[in-house]
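Notes to accompany the following structure.
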């Protein structure tokens, strides 16, 4: 239930209440099923982890570059070049 609770909080922006317990359980089951599918289609756990970590690395690095371009003023980049 903890994985489902974390995912619910991530999507809704707030902790779940008792009436939403079924939704939290369904999210936990969906996470378990997605893990199973990763391993099933990856054929080997080691190979699957390498592929998933490569995708995560590209995602994180792209996000860092985008955040840097948005947050840092363009004048700073000009100063770095000269």
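Details
- Qualifying residue in region 55-66 (condition: surrounded by 12 or more Cβ atoms within 10 Å (Cβ to Cβ) and in a helix (DSSP H, G or I)): no
- Residue identified as in a helix (DSSP H, G or I), under 22 Å from residue 4 (Cβ atoms) and either touching a residue at least 24 places away in the same chain (Cβ under 8 Å) or not assigned by TED's automatic domain parsing to the domain that holds residue 4 (or both) among 29, 70, 51: 29
The values are calculated or read from the model by the stated rules, or taken from the named source; none is laboratory data. Since the model is a prediction, treat every value here as computed from it, not as a measurement. All Cβ positions, glycine included, derive from the backbone under ideal geometry; neighbour counts span all protein chains shown.
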